[in-house]
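> Got a structure here, written out as structure tokens. Questions coming.
The values are calculated or read from the model by the stated rules, or taken from the named source; none is laboratory data. Every value quoted in this text rests on a predicted model; they were computed, and no experiment measured them. No Cβ is skipped: glycine too gets one built from the backbone with ideal geometry, and neighbour counts run over all protein chains shown. For accessibility, only protein heavy atoms count, side chains too; no ligands or nucleic acids. Shrake-Rupley method; radii C 1.70, N 1.55, O 1.52, S 1.80 Å.
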Amino acid sequence: MDGTIALMLVQDGVTTGAIYALLALAIVLVFTVTRIIFVPQGEFISFGALTLSQLQQGTAPSIVWLLVGFGGLAAIFELVEALRHRRFSAVPRILGWNVGLPVLLAFLAIWLAPLKLGLGVEIVLSLALVAPLGPYLYRIVFQPLAESSVLVLLIAAMAVHVALTGFGLLFFGAEGSRTEAFSDAMFNVGPAMITGQSIAVVAVSFVLMLGLYLIFERTMIGKALRATAVNRLGARLVGISTSLSGRTVFLIAALLGGLSGILIGPLTTVYYDTGFLIGLKGFVAAIIGGLISYPIAAVAAILIGILESISSFWASAFKEVIVFTAIIPFLIWRSLRAGPAEDEE
Amino acid sequence: MTRTVLSLRDISVSYGKAEAVRNVSLDISAGSIVTVIGANGAGKSTLLNAAMGVVRGEGRIQFDGADCSDEPVETRVMAGMSLVPERRELFSTMSVEDNLTLGAFRAKVTRGEKADRLARIYDRFKRLGERRHQLAGTLSGGERQMLAMGRALMIEPKLLMLDEPSLGLAPLIVKDIFRIIVELRSTGVSILLVEQNARAALEVADYAYVMETGSVTLEGRAADLIHDRRVVASYLGLREAVPA
């Protein structure tokens with residue numbers, strides 16, 4: 001391996017690593033705030049990439065059916081609860097968010113898709129279609145289980161993963177697709193050639209991470225989410241409801257998942273079930289960060305990207321094995337460092 | 001007749017098969033301090049948690065004239081209830097100021113009003129002002145209690161519920177905390193005070209309830225209970241018991 005190849009591999013690794021970092025952040029965020037190990041994170045990657053691909057081909061995105069269906073289910077859950085507590089004034093808001101919004105988005109997508117309005121609009125539309133699935137999912141599956149143990153939540157998360165993969169096959173079919181590159185530009189920096197695509201991916205990831213950091217440091221809702229992660233009872237006592245923080249983090253996670261899919265779409269062919277494997281790599285990084293540390297998770301994600309890229313050059317058949325084996329020393333180190341597991345509240 | 005702020009009717013709470021609170025009824029009139037005293041494990045904290053909606057139980061809870069028995073915690077916070085729990089439950093990795101600001105999370109007021117409230121808290125608890133940028137986890141026990149009280153006051157509650165505010169604190173700080181509790185009453189806040197330190201609680205309270213194994217066994221004006229033989233014998237120490 002000469003220097004040029006090494007630089008190319010590192011560039012590839014950093015590019016995919018940046019995407020894993022976004023996923024790792026989403027997984028850490030969801031876990032710290034809700035204690036849910038968010039296995040279905042990967043499905044949002046597939047949904048994001050495949051939706052953008054359909055929009056680029058000018059066909060109506062299949063995700064709209066899932067969106068309308070999930071919204072409808074969430075509406076039923078909400079309505080039953082509202083009527084049970086005689087909160088009739090909440091009905092218009094419930095119908096607006098859970099039925100009106102998805103139907104409006106669906107019409108918008110079906111109307112705009114054949115017009116091929118360009119990459120920018122298509123990306124925004126894809127994200128608008130994928131992101132609301134997060135809060136709906138939280139409402140349907142996790143909100144009723146909010147006080148359950150981590151294990152119960154994990155089992156539910158596994159079930160959601162299996163179900164969403166099935167929906168992916170049903171709505172998008174078994175065919176994979178690759179989206180168009182954001183940029184064909186090439187830059188020569190010394191011996192290395194850096195693609196515009198790589199720069200776009202890394203820049204978007206970086207801006208998003210910075211944005212998230214600012215949200216958590218500066219805004220009230222960001223601070224409320226941090227507070228929930230630090231002390232759930234304390235958060236409830238100041239009026240931060242479990243469902244509000246749950247839905248907010250699921251929205252962020254779905255958005256980050258969908259965006260990761262859009263970023264990775266031009267780099268690899270994405271199938272309905274591809275997201276899971278990609279999500280798992282974000283998961284490895286999140287685990288290295290102990291599911292609580294954002295900076296460690298982000299750095300670990302970049303290193304995993306580089307490790308994956310180098311191992312695909314040296315031993316491509318063992319690429320995944322090498323990446324997932326990397327987690328073992330960290331697990332041993334973490335279990336040696338940590339004391340006996342404490343029960344949660 | 002004074003207005004009743006909080007009215008608990010036949011509250012019962014069970015953890016599995018163990019009944020922690022059994023048919024407890026309690027009233028707090030506006031602008032008064034009501035204390036619940038009793039031994040460890042008598043069900044005092046559970047009663048507070050049930051009033052706040054942190055634990056679910058049976059019975060009816062009326063707050064400020066409205067039934068809130070089925071309302072979630074955040075609705076009760078917005079209605080004007082605030083609880084300082086026994087373990088304080090602070091956001092330890094966040095600054096003192098962030099902890100306080102989050103106390104007003106549900107307050108529907110302007111940014112300027114929030115800043116005013118913050119200033120008033122710093123005025124009341126001088127130490128918090130000095131440590132506003134410090135992480136809550138690095139505070140001493142007394143400062144933590146003050147921060148927990150400050151956070152609960154940021155919503156400007158009608159009713160402040162305090163669970164063992166003196167627990168684990170040095171006598172001088174306890175004195176300080178009780179002085180502040182009395183000050184708060186003079187501003188119109190009603191206070192429900194759960195204490196093991198029965199003497200200190202009875203000295204500041206207007207009305208008192210004694211709980212034993214989940215039930216109220218005695219109630220009356222605090223000024224009377226402080227001389228009640230059973231209370232003196234069980235909670236204030238034998239040396240002061242009036243000979244029969």
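> Pick from A:Leu331, A:Leu83, A:Leu73: which residue has the top mean-square fluctuation in a GNM of chain A where Cα pairs under 10 Å get a spring?
With Cα springs under 10 Å in chain A, the top fluctuation among A:Leu331, A:Leu83, A:Leu73 is at A:Leu83.
> Ok, one more. Taking amide H atoms as placed 1.01 Å from N in the peptide plane, list the residues 5 or more away in sequence, or in a different chain, whose amide H sits under 5 Å from that of B:Tyr209.
Here the answer is B:Thr35, B:Val36, B:Ile37, since their amide H atoms fall under 5 Å of that of B:Tyr209.
> With axes computed from alpha carbons, what is the tilt in degrees of helix B:171-186 against the longest principal axis of chain B, rounded to the nearest 10 within 0 to 90?
80
> Positive end of the charge dipole of region A:193-345 (Lys, Arg +1 and Asp, Glu -1 on Cβ, about the Cα centre): tell me which of A:Thr325, A:Thr228, A:Ile288 has its Cα farthest that way.
Ranked along the dipole, the leading option is A:Thr228.
> Find the eigenvalues of the gyration tensor of the Cα atoms of the protein assembly as shown, then list the square roots of 5 times those eigenvalues as equivalent ellipsoid semi-axes, largest first, in whole angstrom.
54, 26, 21
> Here is a further query. How big is the gap, in Å, between the Cα center of region A:62-93 and the Cα center of region B:112-144?
42
> Karplus couplings for region B:140-145 from phi (6.51 cos²θ - 1.76 cosθ + 1.60, θ = phi - 60°), rounded to Hz, Gly and Pro as x?
Result, rounded to whole Hz: 6, x, x, 5, 4, 4.
> Below 8 Å between Cα atoms, with a sequence gap of 6+, how large is the relative contact order for chain B in percent?
This gives 27 percent for chain B.
> Can I ask one more? Across region B:153-164, in residue order, what do the Karplus-derived ³J(HN,Hα) couplings come to in whole Hz, using 6.51 cos²θ - 1.76 cosθ + 1.60 with θ = phi - 60° and x for Gly and Pro?
Using θ = phi - 60°, the values come out as 7, 4, 7, 6, x, 7, 10, 10, 10, 10, 9, 6 Hz.
> Kindly flag which residue pairs out of B:Lys114/B:Lys175; A:Lys223/B:Lys108; B:Lys17/B:Lys44; B:Lys108/B:Lys175; B:Lys44/B:Lys126 have an alpha-carbon separation exceeding 23 Å in this structure.
In this structure, B:Lys114/B:Lys175; B:Lys108/B:Lys175; B:Lys44/B:Lys126 lie more than 23 Å apart at Cα.
> May I ask for the net charge around A:Val249, where only other residues with Cβ less than 12 Å from the Cβ of A:Val249 are counted and Lys, Arg are +1 while Asp, Glu are -1?
+3
> How are the Cα pair distances of region A:11-78 distributed, in percent, across 5 Å bins from 0?
Pair shares across the bins are 3, 14, 15, 17, 21, 18, 9, 3, 1, 0.
> Right, something else. When only C-alpha pairs under 8 Å and at least 6 residues apart count, what is the relative contact order of chain A, in percent?
It rounds to 38 percent for chain A.
> Helix-only mean residue ellipticity at 222 nm, chain A, DSSP H runs n ≥ 4 weighted -39,500 (n - 2.57), per residue, nearest 500. What is it?
-23000 deg cm²/dmol
> For region A:263-337, what value does the Rg/Rh ratio take when both radii are computed over Cα atoms and Rh is the Kirkwood radius, given to two decimals?
0.99
> Right, here's the next one. Go ahead and set up a Gaussian network model of chain B, Cα springs under 10 Å, then flag whichever of B:Pro171, B:Pro72, B:Pro157 fluctuates most.
Highest fluctuation among the options: B:Pro171.
> Out of B:Ala222, B:Ala50, B:Ala170, any idea which swings most in a Gaussian network model of chain B, alpha carbons joined below 10 Å?
Of the options given, B:Ala170 has the highest mean-square fluctuation.
> Let me ask something else about it. Largest first, how would A:Leu145, B:Leu100 line up by accessible area (1.4 Å probe)?
A:Leu145, B:Leu100
> Taking the dipole about the Cα centre of region B:14-67, with the C-beta of Lys and Arg at +1 and of Asp and Glu at -1, give me whichever of B:Thr35, B:Gly59, B:Ala20 is farthest to the positive side.
Value: B:Ala20.
> May I pose another question? Net charge near B:Gly214: determine it from the other residues with C-beta under 14 Å of the C-beta of B:Gly214, scoring Lys and Arg +1 and Asp and Glu -1.
-1
> Step through the residues of region B:110-119 one at a time and calculate ³J(HN,Hα) from phi using the Karplus curve (6.51 cos²θ - 1.76 cosθ + 1.60, θ = phi - 60°), rounding each to whole Hz and writing x for Gly and Pro.
Coupling constants for region B:110-119: 6, 4, x, 5, 4, 5, 4, 4, 4, 4 Hz.
> Taking only DSSP H segments of four or more residues, each worth -39500 (n - 2.57), what value at 222 nm results for chain B once the sum is divided by all its residues, to the nearest 500 deg cm²/dmol?
After summing the helix terms and dividing by residue count, I get -9500 deg cm²/dmol.
> More than 34 angstrom separation, counting every C-alpha pair in chain A; what % is that?
Summing the P(r) tail past 34 Å for chain A gives 25 percent.
> Also, quick follow-up: For region B:1-85, how big is the tail of P(r) above 19 Å, as a whole percent of Cα pairs?
Value for region B:1-85: 35 percent of Cα pairs lie more than 19 Å apart.
> Under 5 Å between amide hydrogens, which residues at least 5 positions from B:Val84 or on another chain qualify, with H placed 1.01 Å from N in the peptide plane?
Here the answer is B:Met161, B:Leu162, B:Asp163, since their amide H atoms fall under 5 Å of that of B:Val84.
> Also, quick follow-up: What translational diffusion coefficient, to the nearest whole µm²/s, does region A:1-135 have by Stokes-Einstein, given a Kirkwood radius computed over alpha-carbon pairs, a temperature of 10 °C and 1.306 mPa s viscosity?
91
> Moving on to the next point. With each label point set 7 Å from Cα along the Cα-Cβ vector, what nm distance links A:Asp2 and A:Phe313?
Calculated label separation equals 1.2 nm.
> Report, in order of residue number, the helices in chain A meeting two criteria: a C-alpha extent of 20 Å or more along the helix axis, and a mean Kyte-Doolittle hydropathy of at least 0.5; treat each whole DSSP H run as one helix.
Taking the DSSP H segments of chain A (at least 20 Å long, mean hydropathy at least 0.5), we get A:3-34, A:63-84, A:150-172, A:196-218, A:242-264, A:274-288, A:294-314.
> Sticking with this one: At a threshold of 8 angstrom on Cα-Cα distance, excluding pairs fewer than six apart, so keeping six or more, what relative contact order does region A:147-259 reach in percent?
10
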